[in-house]
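Here the structure comes first, spelled out in structure tokens, and everything after it is commentary.
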Amino acid sequence: MIKFFLMVNKQGQTRLSRYYEHVEINKRTMLEAEVIKNCLSRSKDECSFVEYKDFKLVYRQYAALFIVVGIDQTENEMAVYELIHNFVEVLDKYFSRVSELDVSFSVSEIHLL
């Protein structure tokens, strides 16, 4: 099961976060900081799956954006890795060439609705 979905830029700023389990706001901030630190500090030669506390992180980098998905121990990492790629392909089709600015704009649009 997916626990959360994050989109982060190379500077470590969260551009999009969606949680599928209740997490208190102050804990979200700490969780995001630790998750971002773990994923951004890894080299491109390392695996895109990370064991973290009681769940796993699956991440992919696309240009200046990192997409990180937190999953439970029973979830298939490769399926989530492919899900991330499919999500980016959909964004790319919708925006023609997706960028960090597009993501920021679309997120603010969603919150206005």
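Rolling a 1.4 Å sphere over the protein heavy atoms, what is the accessible area per residue of segment 1-55, to the nearest Å²?
Numbers: 3730 Å² over 55 residues.
Heavy-atom SASA per residue in segment 1-55 reads 68 Å².
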Can you list the lysines whose alpha carbon sits under 20 Å from that of Lys3, skipping same-chain ones fewer than 8 residues off? Lys27, Lys37, Lys53, Lys56
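Multiply the residue gap between Ser41 and Arg18 by 0.36 nm, knock off their C-alpha separation, and tell me the result in nm, one decimal place. Provide the component values of the computation, followed by the final result.
Numbers: separation 23, 0.36 × 23 = 8.28 nm, distance 2.23 nm.
Gain in length upon complete extension: 6.1 nm.
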Report the dimensions of segment 1-110 along its three principal axes from the alpha-carbon atoms, largest first, rounded to Å. 37, 31, 25
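The values are calculated or read from the model by the stated rules, or taken from the named source; none is laboratory data. Please read all numbers here as calculations on a predicted model, not as lab measurements. The protein model used for the area step is the full one, side chains on, heavy atoms only, and it has no ligands, DNA or RNA in it. Shrake-Rupley method; radii C 1.70, N 1.55, O 1.52, S 1.80 Å.
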